[in-house]
Amino acid sequence: MKAAVSAQTFKILILVLLVSIYNSLFFDKRLSNDNSISCSGCHNLANGGTDNLQFSIGVNGATGKINTPTVYNTHLNLAQFWDGQASNQIEQVSGPVENPLEMAATWPDIIRKLG
Ligand code: HEC
């Protein structure tokens, strides 16, 4: 007999899958150009979601120009980043990945490395 999965259960399963992918990528250094830093390098979850530095250190020892905020509960923010330039986390996520002072990567490179 074929098991029926309701639309609601299906949505929850997809959400759980996306969250688990996102969680593993958060610790994956391959998101940076030289495989040296992951999101958690600056947003240390064991340290309040920050690195406790005035300015974070990105790839090749590059020093950022602005303090790293926590990532805890950021989904509740009205906007992302200190100046609110991203209205949600979908818009926000390419910021650190492509920032030359942070991860200095490109999505095609990341997809090639993860593939
Ligand atoms: C090199 C350090 C560094 C790395 C690596 C980094 N971030 Fe950040 N993150 C920052 C800084 C600095 C800001 C603040 C930037 C701004 O406001 O202009 C920030 C802001 C954020 C914010 C917005 C928080 C808020 O309150 O507005 C989120 C969410 C976030 N980062 C998630 C991530 C994710 C996900 C990754 C990995 C893909 C990542 N960060 C990688 C330094 C880093």
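The values are calculated or read from the model by the stated rules, or taken from the named source; none is laboratory data. Small disclaimer: the values here were computed from a predicted structure and weren't measured. Every residue, glycine as well, gets a Cβ built from its backbone with ideal geometry; the counts of neighbours run over all protein chains shown.
For Leu53, state whether it is in a loop (DSSP other than H, G, I, E, B) and either touching a strand residue (DSSP E or B) at 6+ places or on another chain (Cβ under 8 Å) or over 23 Å from Lys113 (Cα atoms) (or both). Against the criterion (in a loop (DSSP other than H, G, I, E, B) and either touching a strand residue (DSSP E or B) at 6+ places or on another chain (Cβ under 8 Å) or over 23 Å from Lys113 (Cα atoms) (or both)), Leu53 qualifies.
Given the structure, is Gly41 more than 11 Å from the ligand (Cβ to nearest atom), at pLDDT 90 or above and small (Gly, Ala, Ser)? The answer is no for Gly41.
Selection within region 53-86: residues that are among the hydroxyl-bearing types (Ser, Thr, Tyr) and more than 6 Å from the ligand (Cβ to nearest atom). The member of this set that is farthest from Asn33 (Cα to Cα) is Tyr72. A count restricted to region 87-103 and to residues that are of a type in the set (D, E, K, R) and near the ligand (Cβ under 7 Å from one of its atoms) stands at 1.
Set side by side, the residues Gly49, Gly41, Gly58 differ, and just one is touching a His at 6+ places or on another chain (Cβ under 7 Å), under 20 Å from Leu25 (Cα atoms) and of a type outside the set (S, T, N, Q), which is Gly49. The residues of region 67-115 that are among the β-branched types (Val, Ile, Thr), assigned to a loop (DSSP other than H, G, I, E, B) and surrounded by 14 or more Cβ atoms within 10 Å (Cβ to Cβ), listed by number, are Thr68, Val71, Val93. Within the span defined as region 28-39, every residue fails to be free of Cβ contacts under 8 Å to residues at least 60 places away in the same chain, of a type in the set (S, T, N, Q) and in a helix (DSSP H, G or I).
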